[in-house]
1. Relative contact order of the stretch 33-85: what whole-number percent is it, with Cα pairs under 8 angstrom and at least 6 residues apart?
2. Gaussian network model of the chain, Cα springs within a sub-10 Å range: biggest mean-square fluctuation belongs to which of 167, 105, 119?
3. Take each of the peptides 184-191, 52-59, 109-116, 64-71, average the number of other beta-carbon atoms within 10 Å over its residues, and list them starting from the highest.
4. Sort 76, 99 by Cβ crowding within 10 Å, fewest neighbours at the top.
5. How much of the DSSP beta bridge set in the chain is antiparallel, as a percent to the nearest 5?
6. Take every Cα pair under 8 Å in the chain that's 6+ residues apart, average their separations, divide by the length, and report that relative contact order as a whole percent.
7. Taking the Cα centre of the stretch 61-193 as origin and charging only Cβ (+1 Lys, Arg; -1 Asp, Glu), how large is the dipole, in debye to the nearest 20?
8. How high is the relative contact order of the stretch 54-146? Use alpha-carbon pairs under 8 Å, at least six apart in sequence, and give a whole percent.
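Please treat every number below as a calculation from the coordinates, not as lab data. Since the structure is predicted, the reported quantities are computational estimates derived from the model, not experimental observations. Cβ coordinates were reconstructed from backbone atoms using ideal geometry, including for glycine residues, and neighbour counts include every protein chain displayed.
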Amino acid sequence: MPHPRPLAETNGATARDPKGFKTVILDAGHGGKDPGAVSCHSGQQEKDLTLDMAHRIRKELGGSFHTILMRSDDEFTDLDDRVTRANRHGDAVLVSIHFNSGASHLRGPETYYWRVDSHGLAVRLQREMTSTSPAEQGNRGLVRRRLRLTRNPEIPCVLIEGGYLSHPAESRLIADSAYRQKLAAAIAQAIRA
Ligand SMILES: [Zn+2]
């Protein structure tokens, strides 16, 4: 069990909300040689779905923020490079987009964060995604966990899992572009709030 760092060390931030950010970095998980999860129901690869979602969320955000795509193509980016690139922006939040895989009964979105200043954004992201997702079952919901992408960036950062590709019905939903658009709108709404 890793020893949690005292909260005060989290970049000196004590506020539970990212304040006054102008830039949103959308990180489409995986890419290139790393497909991420692959749905055994639709054959879809996580890396393609996360990129699709990043583009959709950017469109939904419109001109309200300066939006940066960590990758805009099917390219491989090392996790540490993603962290380094995120740290170049001081007034930004990072949203890393993933889809999940696990036991076949699990479904529903999950949200991971570590930094205290990411909590408010994480809560809103989980709430908005859950209100779009028709059912949740046995999933973990909102989780505070040290992942490389939730711990290492020096800006507020949240990792979202948009649903389980391993669940037959949820995989079908995720394969539907209208559903992905609804999910993207919900995520953009949570970022704007
Ligand atoms: Zn992933």
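1. Relative contact order comes out at 30 percent.
2. Top of the fluctuation ranking is 105.
3. Going from most to least packed, we get 109-116, 184-191, 52-59, 64-71.
4. 76, 99
5. Within the chain, antiparallel bridges account for around 25 percent of the total.
6. 28 percent
7. 400 debye
8. 27 percent
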